[in-house]
Amino acid sequence: MMDSDFVHPLKVFDLAKSQRRFLYASAPMVRYSKLAFRQTVYEYGTDLCWTPMILAKEFNRNQFARDSDFTISTSGPQPPTIVQFGANVPLELARASSLVAPFASGVDLNCGCPQSWACAETLGAALMERRELVRDMVIETRERLRQDGWGVGKEKDINSPKGRSVSIKIRVHKDLRKTMDFITTVLGPEQDRHIDFLTIHPRMRSTPSSTPINVEALQILTDTFGDRVPILVSGDVFTLSALPFTSPLLASTSPTISSSSGGHTTTADTKKKPLVEIPKLAGLMSARAILANPALFAGYETCPWEAVETFMNKVARAPLPFKLTLHHLSEMCAPGMGPNKSTLITKAERAAMLNCANMVDLVDFLDEKREIKRS
Ligand SMILES: Cc1cc2nc3c(=O)[nH]c(=O)nc-3n(C[C@H](O)[C@H](O)[C@H](O)COP(=O)(O)O)c2cc1C
C-alpha cells in the first residue's frame, strides 16, 4: 500500500463541507463492519468507514487477534478507514494505534459500549466517568504516532500522506454538564486540541436503542463545541430524508431514491414531529440502518438489489464466515430502519434463504429471486 492511498479524515470533512453536505460515516459494529461491508458502503457514498471495536490489549499481544480483527484491502480502493479500539490504558491504545497506523486513516477510542462485560473492565461507556484517563489515552496515542513519524498535527497535516487522526466516540450523561466537562477535558487547549473529531451517540449508557436519540442534548453539545471540533452524530440516522433533526447541510442533499425492489410493503411510520435545527453538526454516522441498507448514503430509501450484488462481489474477494454473510443478507433483505418498509424478498423467502448451506446455494438463491422480481 502506498502513502498516497490515504486521505486525512479532516480533509474528508472539508470536502463534504465544500459540497455543503454532511460527512457520511458507517459505524463501528462488532461482528459486522468488516472489510467487505466497508467496501460495499464506500461504493455507495460513505466517506469514512469504522472497523468494529478491537480490544487493544489482545491486539497488541496476539498475532491471531491481529489477523482476525483487522483486514485491509491490498488491491483496489481502500475505503478511508478508522480503526476503533476498546482500551483503558494509555500505553495499550498507543501501541495498538502504532500497529495499525500504516494501514488506516485514523484511530478511534470507544467510550460508548454499554455492555456490562465492557463496563466491568472500565472499557466503553464506563470511560464516560474517567475523563482524565480518556484525555491521557489520546495524548499518549498522538505522541506515539508522532514519534513513529505520522502527521498528527490535525489541520496542519491535512494534506500530508502521513496524516492520521485520533478521535473518540462517546455517549451522553444524564446530567449534560458532565458531558460538557468530559468534552472540555478531552479536547484540551483551545488552539491545539487533543482529538481530531468527535462522534456523539446522544443516548445514555442505560438508554435502550429503541428510545429516540436526545436531539436537544446534541443541539447543546454541537452549539458549544461544534466550532472547535468537527462532530458526527451516531444514532437514528435511518435515511437521509427522515432524520430526527434538520440542518442547512441538508438543503443540497440529492433527492432520495426509491429502490425498484418489487415492494413487499408493510406499514410505514408516518409520525411527524417538529424538527430541531442542528447547524453545527458536521457528519452523520449510521449503524443499524446502513446494515439493512448499505446504499443509504447514496440516497436510497431501501436496499437495492445492486447493493446485494456489490456486497456478494466484495465477499468473494474479502471473505467473511458464511454465517456472517447470511446475517448480513438477512439484514439487507428485511425491512430497513427508515419509514419505507418495502423489502427485496418476502419474510418466507428470507427464512428459506437462511437454510442455504453454503455460498453456492446462496448465490443461486439470490440469482433466482432477483430474476423473478425482474420478470
Ligand atoms: C451490531 C452492533 C454492533 C455495534 N458495535 C459497536 C462497536 O463496536 N463500537 C461502538 O462504538 N459502537 C458499536 N455499536 C453502536 C453503534 O455504533 C451506534 O452508536 C448505535 O447503534 C446507534 O446508531 P444507530 O441508531 O445508527 O444504530 C454497535 C451497534 C450495533 C447495532
*Taking the stated definitions as given, is ALA94 within 14 Å of the ligand (Cβ to nearest atom) and either in contact with a His (Cβ under 9 Å, 6 or more places away or on another chain) or at pLDDT 95 or above (or both)?*
no
*In this structure, is ALA36 of a type in the set (A, V, I, L, M, F, W, C) and either more than 21 Å from HIS201 (Cβ to Cβ) or at pLDDT 95 or above (or both)?*
yes
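Considering each residue of the range 62-91, count those that are part of a helix (DSSP H, G or I) and modelled with pLDDT of 95 or more, and give that number.
2
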_Being assigned to a helix (DSSP H, G or I), open to solvent by less than 60 Å² (accessible area, probe 1.4 Å), of a type outside the set (Lys, Arg) and within 22 Å of ALA289 (Cα to Cα) is the filter here; which residues of the range 323-375 pass it?_
LEU324, THR325, LEU326, HIS328, LEU329, SER330, MET332, GLU349, ALA351, MET353, LEU366
*Failed criterion for LYS11 (all others in (1) open to solvent by 30 Å² or more (accessible area, probe 1.4 Å); (2) at pLDDT 95 or above; (3) assigned to a loop (DSSP other than H, G, I, E, B) hold)*: (3)
_Testing ILE168 on (1) open to solvent by less than 20 Å² (accessible area, probe 1.4 Å); (2) assigned to a helix (DSSP H, G or I), one condition comes back false. Which one is that?_
(2)
*Considering residues of the range 53-80 that are among the polar types (S, T, N, Q) and out of contact with any Asp or Glu (no Cβ under 7 Å at 6 or more places or on another chain) only, the residue surrounded by the most Cβ atoms within 10 Å (Cβ to Cβ)*: SER73
_Residue under question is VAL83, and the condition is that it be more than 30 Å from THR253 (Cβ to Cβ), crowded, with 17+ Cβ neighbours inside 10 Å and among the β-branched types (Val, Ile, Thr); does it hold?_
no
*State yes or no: is ARG203 under 22 Å from the mean Cα position of the chain (by Cα) and of a type in the set (Lys, Arg)?*
yes
*If a residue has to be assigned to a strand (DSSP E or B) and more than 10 Å from the ligand (Cβ to nearest atom) to count, how many in the range 21-49 make the cut?*
4
*Counting only residues that are farther than 19 Å from THR325 by Cα, outside any helix (DSSP H, G or I) and not hydroxyl-bearing (Ser, Thr, Tyr), which one in the range 279-299 is nearest to the ligand (Cβ to nearest atom)?*
MET285
*If we scan the range 122-133, do we find a residue that is among the hydroxyl-bearing types (Ser, Thr, Tyr), open to solvent by 20 Å² or more (accessible area, probe 1.4 Å) and more than 20 Å from the chain's Cα centre (by Cα)?*
yes
*Of all residues in the range 94-139, which are over 19 Å from HIS173 (Cβ atoms), of a type outside the set (Asp, Glu) and part of a loop (DSSP other than H, G, I, E, B)?*
ALA104, SER105
*Looking at (1) open to solvent by 40 Å² or more (accessible area, probe 1.4 Å); (2) modelled with pLDDT under 95, which is the one condition that is false for ALA318?*
(1)
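The values are calculated or read from the model by the stated rules, or taken from the named source; none is laboratory data. Everything quoted here is computed from the prediction, not taken from an experiment. Backbone-built Cβ (ideal geometry, glycine too); neighbour counts: all protein chains shown. Heavy atoms of the whole protein, side chains included, go into the accessibility calculation; ligands, DNA and RNA do not. Shrake-Rupley method; radii C 1.70, N 1.55, O 1.52, S 1.80 Å.
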